[in-house]
Structure formats: structure tokens, C-alpha cells
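Reading through the C-alpha cells given below for one structure.
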Amino acid sequence: MTRKQKRLAVIAGAIGFLGAATGLTLYALGEQTSYFYVPGDLAERPVGVGERIRLGGLVERGSIQRSDDTHVRFAVTDGIETVAVRYNGILPDLFREEQGVVTEGAFDQNRIFVADTVLAKHDENYMPREVADSLKEKGVWQED
Amino acid sequence: MSIELGHFALVLSFALALVQMTVPIVGAKLRNDTLMRVGEPAALTNFMLVALSFTALTFAYVQSDFSVLNVWENSHSAKPLLYKITGTWGNHEGSMLLWVLILVFFGALVAVFGRNLPLSLRANVLGVQGAISCAFIIFILATSNPFARLDPAPMEGRDLNPILQDIGLAVHPPLLYLGYVGFSVAFSFAIAALIEGRLDAAWARWVRPWTLAAWIFLTGGIAMGSYWAYYELGWGGFWFWDPVENASLLPWLGGTALLHSALVMEKRSALKIWTVLLAILTFSLSLLGTFLVRSGVLTSVHAFATDPTRGVFILGILVLFIGGSLALFAWRAGTLTAGGLFQPISREGALVLNNLILTTATATVLIGTLYPLLIEAVTGDKISVGAPFFNLTFGPLILPLLVVVPFGPLLAWKRGDLWAVSQRLFLAFGGGLAVALLVFILVDRTSVLAALGTGLGVWLVLGALTDLVIKSGLGKVAPAVAFGRFKGLPRSVFGTALAHAGIGLTTIGIISVTTLETERITAMQPGETVEIHGYNLRFESLRPFTGPNYTEDQARFVLTRVTGKAMGEVMSAKRFYTARQMPTTEAGIRTIGLSQLYVSLGDQTPNGKIVVRIWWKPMVTLIWLGSLIMMIGGTVSLLDRRLRVGAPMPRGKAAAQGARA
Amino acid sequence: MFWILAAILTFVAAVAVLRPFAVRGGGGEDAIAHDIEVYRDQLDEVERDAERGLIGRQEAEQARAEIGRRILKVSQIAEEQAERQTNQRLTRLTAAIAVLAVPLVSWGLYTITGSPGIPAQPLHARIAEQPADAPIDELVSRAEAHLAESPDDVRGWQVLAPVYMRLGRFGDARTALRNIMRLSGETAEMKAALGEAIVGGARGMVTAEAEDVFLEALKLEPGEPKARFFLALARAQEGATADAQAIWREMLGDLPEDSPWHAAARQALVRSGDAAASSERLGPSEEDMAAASDLSQADRQEMIEGMVAGLDEKLRENPQDLDGWRRLIRSYIVLQRPDAANAALKRGMAAFGRDAPESLELQGFAESLGVAIE
């Protein structure tokens, strides 16, 4: 190969690599991001079975049912709609009734939300930011 | 009075930074030696003033002086002394002051160690450092003044946050900042080079130790943050691809690329313009990280929009420095002469490949971190880009880099022989393959990734060792000669080998934990036993315990091998801090070899059992051990004579030696 | 004093700027010479590597040739470079501007951001100077420190729990009440207080958790008025006004007229729209009970007295507590009861024995506060 050909090969290789990286990134952005919903959003923007989303809201009062093993059921509400959630594992330290929570997972056939992650991020009001934002928009929760 | 004096010292250092920013650069432009020399005493005095200011604030914390708003908001008279001190930087205002303190500290270091730099280069570097400190000091004074006062002063402070009372969290930010801010020196050198329109031969030699020092601190900061999250958050994750974590990973990736490209520039005078650009980009990523963490934009774009003063101010600084430096680059890069040529297959070629992959990987992390902000700002939708995105993009991009790492140090400069190098690495490759097969056959036949990943790690470690073996000539010459050569190898060779081996160990750790980790979640009551990975864990008792400012339920577990051999106890607890009404989980961690058993407690079930989550985390300690070895490698490399002085021996000495010869 | 120090700092900073102007600079080392040194050093390195056999003979030769070329190139530039000049007038002008800028900018900016008039006020110094200022917070934090050391002191928790409620620190109140029940067993009264603390913490909402606690209180003592009141409030908050009113009416019926809960129930009835109750005299409102943010002077006095009485009681039981006596004496001075302070001093000295070192220390302390034994 001449020097020019070599240089071309190198440049082609680099462009190929960058192209592959761009393609991968675009694909991953399309497939691997999850949208954030509060229960009231589900009517406007339906979510299919198995589609990964993040569901946030308040843990409905009196809805937490612990089984004798490690499964937990509770309901997430934004004061308008309520969604039943199933989770297997240890709930975060700050998980409480009527406190904000963000769960990540997908709906099953019975429209029960099967969460594989439950977050109750800590800030002054025990309210994850995105939940607080959404609930404030809906006028359910006021900061004082 | 001490407080106001600290406040005044900060204001004064702003005035002095203004001088430091303008006079030396003007001097360099006018070729006036006297004006150029102003930078040095200005940088030293600036450090003294900011240190005074920081000491005054720390003093206010130690003395619980609640006439200082910042102390009142973030401290409490009942805090232990250690956490009163660390509380100084446990909040926004104090941490920004720490940021500036570290910045002027680096400026002072340049002034002290830069005496043998060409005068105009030193003047321009200190001038740019002065400009950065100017921007950040005025940011502090205008939007986040830690010396704001309260009159009359309240009698008690407001904060006793137990989460912040952790030594790991207290040491973590300073380390991280040393890394972030350390890259400012490389940045200043880059800008200075652009202003002057020429790159000294010593330039790369100068940039490399500063970058290396910053890189070591940043590596330490990231590893420490990761370990803190691992043991403190109670679910055994070591990396979450959280935006805050990404903010520290981005400059690390950029800095790693910079280290390597500066090497090419130093040794071969090639990649000059690219190295300058990379120095600018790396510090820009540090600034971006500061912006992301400090402006509140991460928690919510709305929160940022409703209280924008701080965010907009930092954004302004960001635009000014990144935009300004890139514009300067676009304008002046043409004046820098491009350097040496080389074949694609050569050490330079390998380092270019390293840079290509690292910068691409940096770009994907950057996109993943900023994309949700962009979407929220544009469409209002809230999306999250989590671990799956990064695993899918960052993973496949970085893997090829790890595969080719061992080739790099063995290739010759300018024109390399890939075939010869492959032959030399044959043993290392065989070792990696053997381990991969062993893992596949003996440990887990279902996970190909586990086998390949572990093999890859072993390949990296053995490849690094191969480099040392070949450079010392072991096997080719008599052992005594080889040993002599081994001792005589430049420290940077050891540094490279250690850092590359460290990456290998970290890779093994990460891959093993993510693919071979086993987990049991079960409800237990005292007396019950659960088996995990060849160990029996018996739940012995649950008893309440009262600590100094918390109460906790301590669960005692007895660990035995399945064969019956006793392994001692594991304690795990659910802690409740009374003053803050805050529960935390204290994980029980037992290190066995390089692996760990991780026990964490959950809630009580209706029938009185307690949910217990147990993980077997194989080789997990290698993640941080590998980071530690990388840091050691960096330190060894930093101690290399040529880097330590940054420039060659004084001419007199060299001439004397020449005369004798 | 502050201004003197500030002036000294400013002076130091200005001198730092001026120093290079004062020192006659030696000839500037020029950049080219530097470059050549670097290249020489690189040549040495190639030499060393070649000796050690790290690089081949041919490679070393090539490297040497290339570095040689670089040296040649730099030397050519050096010859072309013009001599540098210094403009004396410009230098002096810049020096003057820079030196003036330092004090002007710093003093100007400081007058905007600083508060030179406020002295530093370290906590220990303030307390030592003006013990009378020691506010509730300070007393509470002392009690907290004490309880952190001996968390099994029921008396301490009992003193603190109502204080927390009045301060609106409901979370802490919950902890205190839980501790009281842990140490002295559950009573309906304590359960009801716990429920109230939970309600306070939820900004007046009777949460499910609070409701459970109130029900437990009623299990322990079916007539417990506070629990009944809040359970009714829970019904009202759910919208079941009739149920709520029924409970409140029942309370009006079976509670004595002078019970605060009688009044509270009537008030609640009025607010819930029961016309029959509105004609009657109004009592304290439920808000008064639920959350007290600011304490009046009288409340504060009363509370401090309560705490001091508790301390007094404790010292009767355990008199060998020098610190306790000090606090007690000082508290009485704060409460402007010098006789009581005097009596406390006597008791303290009696407890240690008249000539014990503790007694002498206590006496000295008391004298510093103006208490002396007649």
C-alpha cells in the first residue's frame, strides 16, 4: 500500500468507528430511555404492556400490603388516578405512606405495574423532585 | 472580627486576581519582563488570602458562630468537632470556597515549581489561572457568599444531618475537587500556548505532571465515592450512572486521553494541536461537572428556571471559558505547527487509537447525561437515561480499547512491528484465554460475558507485566543483568505497567460482580439459616441498640462454610437517627478473599420475620483495589525525575557533566 | 482593629504586586534556550535507552537524527528573533494602575458585601457572657446532649416531649414519646400524645399511621379524650362530617365542662357547621393545640420553670453532679429567683461536703453570678 492508501484506510477506520458509535448511541437513546409518568398521565399517553417507564407519585395511604415473604404491594397515586404496584425486594429506608416515590418497571397483562426498582430519594420534604414537579402542576401538592 | 477579615481577604484576593489576570498577559504581549513577573507574587499572595478566608470560615464552624448565615444553616453546636470542620465544605457556599482554594493552590504551585519555565509562558499560564479565579470568586461573592451575616445571631444551628456525618463523604469532595481543578493547569497551559502562538518543547513535559496529578486525585475521588455508595446506601451498587457520577467520570475520561496524547507530544512532537484541544476540553468537562452539580439543573430543569441566579451565573462562566477558549483555539490553532509523522502501526498510532476511543466514549456519556435535560427543556417530557443506555453504548465502545491496551507500550515509536509485538504478548494472551476457559468451565457455563471479561482483565494484567519483563530483558540475558536493568527502568515505565494492570483488575472486579453476583432475598426470623455460594448464614438474634445520636436494630448473623467451618459473625443494622427522624441501613459486609458477602436488612413482615437481602459479590474488592493500583501507578510515574522537575537539568550541571565526559 | 488588619492585608497585597517592579530583573532566559535544553535532555535519554538495550541501534540512530533536526530548526528561529525592548513609561503606568486597583476594588467591593460592624460571636463566648440569653434551644440542646449519654432517663424525655410539641419539632416529639413508652410502658395518654405529634408532623392531617395510634390509645383507655377528638377530626377530614360531629357531640356529653377537650370539641363542632354548638362560648381552637410556632414570653417562662424543676428533682436524687448544680444555680438566676439560687448553692455544697474541692468550685461559680452565702 502506498502512504496515501494507508492514510485513507486509517481515516476510513476512524470514520467507521465514529459512525458505529453514533448509530449505537442513537439506537440506545431510542430504546433504553424511559419516560416518567404519574398515574394521571396514563390516560392521555397510554403505555403498553412490557414498556419500561418510570412511575412516580405518592404511596397511597393504607395501600401497603406486605406478604409473609419479600413481596410487597402498594399503590401509587397522584390524587387523580391510582396504579397498583408489585415489588419484590427491600424497600428504601425512606419509603413511607403518603410520601413521594419513583418506581421503575413495566405493566403486566393485568395492568399491575411490576417494579424492579423503587426509589424514595431524600430531600427536605421527602419528595423526589420529578414527583414534586408533576404533583405541583396538577395542584395536588403544595409547597409551603 | 475573624469572619469579616476572612470575608475581606476573599474580596482582596478578587482584586488581586484581577491584577494577576491582566498584568502578566499584557506584559507577555509587550515583551516586558517586569510586568510578566507580577504573576508569580500575585498567585502566591492570592493563595495566602484565600487560605486565610477559608480558615476563617472553618474557624466559624468550629466555634459554632451562628452569626454567620452559612454556619447557622449547616451546623449545630452538638456536632462532633470533626464534622463541624468537614461541614465547612458540606454545603454549596463552603464547597465553592474550597473549589477556589484548590484553584489558587494550584496557581501557587505553578508559581513555585514554574521558576524554570520560559518567562512568557509562565506569565500567560498564571494570567489564565487568575482569570479563572476571578470568575469564581465573584461568583461566590455575588451569589453564594459564605460570609453573609445574621444579626442578631440565633442560638442554635439548624443542621444535624446524619448522612453527612460520614468520614467517607467528608473526604470525597476535596479529592474530587483536587482532580477537577487540577485540570485547570493543563487548560491554562493550553490557552497560554494559543496566546503565544507557539508550543515550547517543554510544554508537553509541563502539562503531563499536572494532568497526572489531577488524574490521580480524580481517580481517588471517583473510587472513593463509588465505595461510599456501595457500603452506605445499603443495596450494594457501586456505580449507578447517576448524572452526578457521570459529571466526575467525564473529566476523568478526558484527562486519561490527555495524559496519553501529551505523551505523544512530549516524545514525538506530534499531535500538538489535538493535545491543546484536549486540554481545553478536559477542563471544560470539569467546569460542566461543577455546573451540573452546583446549579440544581440536574434535579429539575424547572427548579433551575425558578431560581436561576446561581445557575445562570455558572452557566455564564461556562460559556465564557469554554466558548472563549474554543474560539481562541479556532482562531489561533493554525499558528501552531503540526509535528512529526508516523505510521498507523506504531506507539503513536496506538495512542491515537486510545484517544479516538476515549473521546468517543466521553461523548456518549456526555450525551446520555445531557439528553434528559435537553428533552425536558425542549418538550417538557421527563425521561431518564439510565444504566441500560450506558451499558449499551459505553460498554461496547470501551471494550476494544481494553483489548489493545497491552500492545501500546510494546510498540516502537514511529514505525512498529505488530507481528513481533503479538509474538511477545503470546504468553499473556494464552494466560487470559486459559483463565477465560477456566471461568467458563468451572464457574459458570451460562455466562460467556463473565468468562471473556475475566479473561480480558487477566490479559491486561499479564500484558502489563510482559512489558516490564521485555524491557528488563528477562529470559534473554543473565538474570543478574536483567535485574539490574529492571531496577534501572524509568519510573514512568513502572507507572504505565501499574496503571494498565490496575485497569485490568478493575475490569475483572466489575465484570465478575455484574455477571456472577448471586443474591438471596428472604424473610427470616432468628434461628433460620440461608445458604449462599457455599456459605451458611444463620440469623442469630435481633436486638435493639442505642448509639450516641441514633437507635438501631442490630441483626447478628453467624457465618459458616457449608463444610461446617466457622467464619465468625456478620452484623447488619437498621439505624434510626432520632434528631432527624431519618432511617438508614447499615450493611453488614464480610470480606472473604477478594470477594464480599453483603447483608442488608429490610422491613418487618406481618408475621414478625424480617426481610434480609444477601449478596455474594465475587471479586468486588478488585474494583477499588484496581483503582488504588492505578493511583499508585500514576504516583510512581509522577515521581519520574523528568516529570518531577518538569524541565531538564540546569544547563550548568549538564555542561559540567559533558565536560567530564 | 479590623480596619487596621484589613489595611495591613491590602498593603501586603499591593507590595506583592509591586515587588517585581522594585527588583531590577536579571536578563530573561529566553524560550529558545529552553527548547534546546529539552532536546539535549531527550538526546541523553535516547543514549541511556540505547545503552540499556531498550531500543535498537538503528532506532536510536533515527531518534538522534530527528532530535538533531529539531535542534537545528529551533536554533535558526533563535537567530531570527528580534531583541526585546522594555518601555519604561508603560511599565510605570501599569504598575500604578495595578497598585491602585488592589485597594480600590477590594475596599469598594467590601463596603457592598461586608458587614464590618458585626463582631464574631462564638457560641461558647456568648453563653459565658450572657447566660440569661441562653434560650430554649440552648436548654433543649443541653437536655439532648444529656439524653444522648443516658438515653434511659425517662424523666428527661418526659420534660422534653411537651417542649418539642410546643416548639413544633414534632419528629423529635415522636422520638421522645416513643422513648417514654419504651422505658415506662404504654399509657393511653402517651399514645394519644404520640398520635398528636404524628398529626403535627403531617401538617394537621390525621394520617393512617396517626389513626392507628389513636385507636391503640382508646384500646388502653376507652374514654381518652385527645384520641377521640382526633379520630373525629380524621372523619371530618375524610368528609364524613356527620360521623365526626357525632363523636364531638358525644364528647360534649360525657366530658366535664372544665376539660379543655370539652371546649375543643365544641369549637370543632362550630367549625364543622353545627349550628347548635355555635351559640355556646368558644374555647381554645384546635390550631392552638395542633401547632404552636411562636411561644409567648409567659409560655417560655413556664417551660423553663418546668425544666428547672425537673433538674432540681434530679439533683435531689443524685446530688453528686457538679455540672448539674451549676446549671441549676444559673437557671435560677436567669429566672430571677436569687433565693432559690442561694438555696441550691447551699444544697450543693452540703452534698459534696463543705470543704470538698467541688464545693469550693461551686461557690466560686456562684459568686461569679452574684450569689454568695450570707
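Bear in mind these aren't lab numbers, they're just calculated from the coordinates by the rules spelled out. A quick note: this is a predicted structure, and the numbers were derived from the prediction, not measured. Cβ: placed from backbone, ideal geometry, glycine included. Neighbour counts: every protein chain shown.
Please work out whether the range B:1-165 counts as rounded, prolate or oblate from its C-alpha gyration tensor, where a ≥ b ≥ c are the square roots of the eigenvalues and a/c under 1.5 means rounded, while otherwise a/b larger than b/c means prolate and anything else oblate? Present the calculation step by step, with values, prior to reporting the outcome.
Numbers: a/c = 3.24, a/b = 2.53, b/c = 1.28.
It comes out prolate by the Cα gyration axes.
Using the charge dipole of the protein assembly as shown (Lys, Arg: +1 at Cβ; Asp, Glu: -1 at Cβ; taken about the Cα centre), state which of B:Leu5, B:Ser512, C:Pro222 has its Cα farthest towards the positive end.
Positive-end residue among those listed: B:Ser512.
Using Stokes-Einstein with the Kirkwood hydrodynamic radius over Cα pairs, what translational diffusion coefficient do you get for the range C:297-368 at 20 °C and a viscosity of 1.002 mPa s, in µm²/s rounded to a whole number? Mind showing how you got there, number by number?
Values: Rh = 12.2 Å.
Rounded, D is 176 µm²/s.
Does chain B classify as rounded, prolate or oblate by the C-alpha gyration tensor (a ≥ b ≥ c root eigenvalues; a/c under 1.5 gives rounded; else a/b over b/c gives prolate, otherwise oblate)? Kindly include the intermediate steps, with their values, before the conclusion.
Numbers: a/c = 1.92, a/b = 1.11, b/c = 1.73.
Taking the square roots of the gyration eigenvalues as a ≥ b ≥ c, chain B is oblate.
How crowded by other chains is A:88-94, given as the mean number of beta carbons from other chains within 10 Å of each beta carbon? Mind dumping the intermediate values first?
Numbers: counts 1, 6, 11, 3, 6, 11, 3.
Partner Cβ neighbours, averaged per residue: 6.
Which whole-Hz ³J(HN,Hα) couplings does the range B:380-386 yield from phi under the Karplus relation 6.51 cos²θ - 1.76 cosθ + 1.60, θ = phi - 60°, glycine and proline marked x?
Per-residue couplings from phi come out as x, 6, 9, 10, 10, 10, x Hz.
Can you give the FRET efficiency for B:Asp242 and C:Ile4, using 1/(1 + (r/R0)^6), R0 = 51 Å, r = Cβ-Cβ distance, to the nearest 0.05?
Numbers: r = 50 Å, r/R0 = 0.98.
That pair, B:Asp242 with C:Ile4, gives E of 0.55.
For the protein assembly as shown, build the charge dipole from Cβ charges (+1 Lys, Arg; -1 Asp, Glu) around the Cα centre, then report which of C:Ile247, B:Asn607, C:Ala101 sits farthest towards its positive end.
Going by the Cα projections, it comes out as C:Ala101.
Once you charge only the Cβ atoms, +1 for Lys and Arg and -1 for Asp and Glu, what is the size of the charge dipole of the range B:366-467 about its Cα centre, to the nearest 20 debye? List each step's numbers first, then the result.
Details: 5 positive and 5 negative charges, 56 e Å.
I would put it at about 260 debye.
Convert each backbone phi in the range C:181-187 into a coupling constant with the Karplus relation 6.51 cos²θ - 1.76 cosθ + 1.60 (shift: θ = phi - 60°), then list the ³J(HN,Hα) values in order as whole Hz, x for Gly and Pro.
Here the 3J(HN,Hα) series is 5, 5, 8, 10, x, 7, 10 Hz.
What relative contact order, as a whole-number percentage, does chain B give when Cα pairs under 8 Å and 6 or more residues apart are counted? Could you put the intermediate results ahead of the total?
Details: 1156 pairs, mean separation 72.0, N = 661.
Relative contact order comes out at 11 percent.
Between B:Gln525 and B:Lys29, what length comes free when the chain is fully extended (0.36 nm per residue of separation minus the Cα-Cα distance, one decimal in nm)?
Once the chain is fully extended between B:Gln525 and B:Lys29, it gains 170.8 nm.
Counting only DSSP beta bridges with both residues in the protein assembly as shown, tell me the antiparallel percent, nearest 5. Spell out each step's value before the answer.
Details: 76 of 84 bridges.
Beta bridges within the protein assembly as shown, antiparallel portion: roughly 90 percent.
Taking H placed 1.01 Å from N in the peptide plane, check which residues at least 5 places from A:Glu98 or on another chain put their amide H under 5 Å from its amide H.
Amide H to amide H, under 5 Å and 5 or more residues apart or across chains, A:Glu98 pairs with A:Val59, A:Glu60, A:Arg61.
Going by a ≥ b ≥ c, the root eigenvalues of the Cα gyration tensor, does the range B:460-564 fall in the rounded group (a/c under 1.5), the prolate group (a/b larger than b/c) or the oblate group?
Cα axes put the range B:460-564 in the prolate bin.
Taking amide H positions as placed 1.01 Å from N in the peptide plane, with prolines and chain starts having none, which residues 5 or more places from B:Ile592, or on another chain, fall under 5 Å of its amide H?
The answer is B:Leu597.
For the pair B:Leu320/C:Arg347, report the inter-label distance in nm, with labels modelled 7 Å from Cα in the Cβ direction.
Reported label-point gap for B:Leu320 and C:Arg347 is 6.5 nm.
Around B:Leu594, with a cut-off of 14 angstrom between Cβ atoms, what is the net charge of the other residues, counting Lys and Arg +1 and Asp and Glu -1? Display every interim value, and only then the final one.
Values: positive: B:Arg590, B:Lys617; negative: B:Glu517.
Around B:Leu594, the charge tally is +1.
Run the reach check for B:Lys476 against lysines, Cα to Cα strictly under 29 Å, same-chain hits fewer than 8 apart removed. What comes back?
B:Lys267, B:Lys414, B:Lys487
Using amide H atoms built 1.01 Å from N in the peptide plane, name the residues 5+ places from B:Ile532, or on other chains, whose amide H lies under 5 Å from its own.
Correct list: B:Leu537.
Would you work out the relative contact order for the range B:518-617, in percent, from Cα pairs under 8 angstrom that are 6 or more residues apart?
Reported as a whole number, the value is 26 percent.
Can you give me the Rg/Rh ratio for the protein assembly as shown, using Cα atoms for both radii and the Kirkwood formula for Rh?
Ratio value, two decimals: 1.02.
What's the magnitude of the charge dipole for the protein assembly as shown around its Cα centre, counting Lys and Arg as +1 and Asp and Glu as -1 at the beta-carbon? Answer in Debye, nearest 20. Mind dumping the intermediate values first?
Numbers: 106 positive and 116 negative charges, 1423 e Å.
Charge dipole of the protein assembly as shown: 6840 debye, to the nearest 20.
What is the sum of charges, Lys and Arg at +1 and Asp and Glu at -1, for the other residues whose Cβ falls under 12 Å from the Cβ of A:Glu97? Intermediate values should be presented prior to the final figure.
Numbers: positive: A:Arg61, A:Arg96; negative: A:Glu60, A:Glu98, C:Glu209, C:Glu211, C:Asp212.
Once positives and negatives cancel, what remains is -3.
Using a Förster radius of 30 Å, what is the FRET efficiency between B:Ala148 and B:Tyr231 based on their Cβ-Cβ separation? Nearest 0.05, please.
On the way: r = 36 Å, r/R0 = 1.20.
Efficiency at R0 = 30 Å is approximately 0.25.
Cα to Cα, under 26 Å, and not fewer than 8 places away if on the same chain: which lysines meet these conditions relative to B:Lys84?
Those lysines meeting the cut-off are A:Lys121, B:Lys574.
Relative contact order for the range C:297-368 using alpha-carbon pairs under 8 Å, separation at least 6, rounded to a whole percent? If you can, show how the numbers build up before the last one.
Values: 54 pairs, mean separation 19.4, N = 72.
Taking the mean separation of contacting Cα pairs over the length of the range C:297-368, I get 27 percent.
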